[in-house]
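Visitor: Provided herewith is a single structure, encoded as structure tokens, for subsequent inquiry.
The values are calculated or read from the model by the stated rules, or taken from the named source; none is laboratory data. All figures in this text were calculated on a predicted structure; none of them were measured in a lab. Cβ placement follows ideal geometry from the backbone for every residue including glycine, while neighbour counts extend to all protein chains displayed. Please note that ligands, DNA and RNA were not included when accessible areas were found on the heavy atoms of the full protein model with its side chains. Shrake-Rupley method; radii C 1.70, N 1.55, O 1.52, S 1.80 Å.
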Amino acid sequence: MRENSLKTLEQVRMYSIPISDHRVSELITWYLRTLQRAIDIIWENIEWKYRFPRIERRKRKQVVIISYKLKAPELPKDKSFKKKLRDELLLDCPYAKHWVDAVIRTAYSIMKAWRKRYLKGRARRIKPRVEKRFARCKITLMRVDYREKRVRITVKPGEHVEVSWSGKWFAKKVEDWRVGEVVLKDNRVLIPFKSTRIIKVRDVIAWDSNELSLDGFSPRIGFIRVDLKPLQSMKITYERKKRIAQSKGLKNIYGKYVARERNRERDFVNKLASGLTRLFPNTIHVFEDLEKEELVSRRKTLKSRRKRNARTPWINIQKKISEKAVVVKVSSKNTSRTCPRCGYVVKTQVGRVYKCPKCGFELDRQKLASINIYLKHSKMRGFPHSNDPEISMMGELWVGVTPSGWSPVTWIPMKRDPEGSEAKGRGLGIKQHQAL
Ligand SMILES: [Zn+2]
């Protein structure tokens, strides 16, 4: 099945430009004081409301939903409250008035994030405190000169701070990109650059994230396996080195290992993401929503799975790919237990091969989740029977990243290669073989 549709790819890249200007530090100090004050006032005006159980229909069954928290905080949102808050903060504002609006917006976003976490039982009933020094700007306080590659930020009426990205190492990467709202730090300005491109989508690949491999499925290509062992062995090596340094109390060396490990991991993730997006152009990449999984079913997630996810930087990999290609996330629920053919969900899972007790569908378990992720994306069921010619003709592609050296992607042919047939016409030198 091919998808010939147009999708919008939105990309955001953040770059920082060093500055040294005492006015910025002073502004940040005022910003933080005012931000905390805004949070204080919003906090005092929270209404704690009872939440009542409600009835919902789920899968043709009536279910009573009882919230985890009995009383929910409702943030004050009415116009008169917001006006009073603004007037009060303006009393002590030597800066442009829009800075007060920037403060109020940041205060609300902090409070909304706290409220969400509180309702999920992940935050306590304690007023949020701002600790990091920053000031988030508003677009109304900025003027961008794209020709001169310059941002002018209004501090006070008639008083500005200017930063330029002309001649910076990333200038070429963000040519024709739009500038978003900057964040001021004591010694640097963070500028988000945004671009929106329309992409013609030809293919969909669903990826199952495993500790040692990224297992993909696409109806056009078949199964794809990306080897992550080099990353794992690098991490294990550094874990050992760090442990030794720690046991000897060598703080400096420990810190050095931490930094080196992080750099090598970043390098690997970058190469992986650019390799995959180059190899599979015009493709939607479908992933399981790991962030959501982590948030929603923390208690239910298997310990082993949590550990494996901790060692593989999944969220970074997804993020990096989403900077270069269209990424769609689907829920990870039951992806490794559902029969892709009839939809039956098995309770226990043992052995290397998945066998559906209901319809007899058989498949290597490692490949099961990627098919289910694909089906979740396309919202269909009824994958062909395992001995259908359609599925047995599907190839398997092995891809690896060499962490050192310049070539980002190497192709490793399958160990058992019965046909030895080379995929033609794509110029990639891919070895394919029968997958099942
Ligand atoms: Zn089945």
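Visitor: Whose amide H sits under 5 Å from the amide H of V330, counting only residues 5 or more places off or on another chain, with H placed in the peptide plane?
Guide: Answer set, sorted by chain and number: F287, E288, D289.
Visitor: Sticking with this one: Using label points projected 7 Å from each Cα along Cα→Cβ, tell me how many nm separate S5 and R278, to one decimal.
Guide: 3.0
Visitor: Tell me, what ³J(HN,Hα) does each residue in segment 25-42 have, in order and in whole Hz, if you take phi through Karplus 6.51 cos²θ - 1.76 cosθ + 1.60 with θ = phi - 60° and put x for Gly and Pro?
Guide: Taking θ as phi minus 60°, the curve returns 4, 5, 4, 4, 4, 5, 4, 5, 4, 5, 4, 5, 5, 4, 5, 4, 5, 4 Hz for segment 25-42.
Visitor: Considering segment 140-219, what Rg and Dmax in Å follow from its alpha-carbon atoms?
Guide: Spelled out, the Cα radius of gyration and Dmax of segment 140-219 are 19.3, 60 Å.
Visitor: FRET efficiency for D21 and K97, Cβ-Cβ distance as r, R0 = 30 Å, nearest 0.05?
Guide: Once rounded, the FRET efficiency stands at 0.90.
Visitor: For segment 150-164, take each phi angle, set θ = phi - 60°, evaluate the Karplus expression 6.51 cos²θ - 1.76 cosθ + 1.60, and give the result in whole Hz per residue in order, putting x for glycine and proline.
Guide: 3J(HN,Hα) across segment 150-164, in whole Hz: 9, 10, 10, 10, 7, 9, 10, x, x, 10, 10, 10, 10, 10, 10.
Visitor: Go ahead and run the numbers for FRET between K229 and I126, Cβ-Cβ distance against an R0 of 35 Å, rounding to 0.05.
Guide: The pair K229/I126 has a calculated efficiency of 0.20.
Visitor: If amide H atoms are built 1.01 Å from N in the plane of the peptide, which residues on other chains or at least 5 residues away come under 5 Å of the amide H of S213?
Guide: Residues meeting the criterion, in which the H sits 1.01 Å from N, are L228.
Visitor: Report the FRET efficiency, 1/(1 + (r/R0)^6), for L90 and H160, where r is their Cβ-Cβ distance and R0 is 25 Å, rounded to 0.05.
Guide: 0.75
Visitor: May I have the count of lysine pairs in segment 97-173 with C-alpha atoms under 20 Å apart, counting pairs 8 or more residues apart or located on different chains?
Guide: Lysine pairs meeting both conditions in segment 97-173 amount to 12.
Visitor: Could you sort 134-142, 371-379, 354-362 so that the peptide with the highest average Cβ count within 10 Å comes first and the rest follow in order?
Guide: Result, highest mean Cβ count within 10 Å first: 371-379, 134-142, 354-362.
Visitor: Accessible area per residue, 1.4 Å probe, Å², for segment 1-134: what's the number?
Guide: 68
Visitor: For segment 36-115, give the percent of accessible area contributed by carbon and sulfur heavy atoms, probe 1.4 Å, rounded to a whole number.
Guide: Ligands and nucleic acids excluded, carbon and sulfur reach 52 percent.
Visitor: For segment 162-300, give the percent of accessible area contributed by carbon and sulfur heavy atoms, probe 1.4 Å, rounded to a whole number.
Guide: 47
Visitor: Between V350 and I55, what is 0.36 nm times their sequence separation minus the Cα-Cα distance? Round to one decimal in nm.
Guide: Net length gain for the segment: 102.5 nm.
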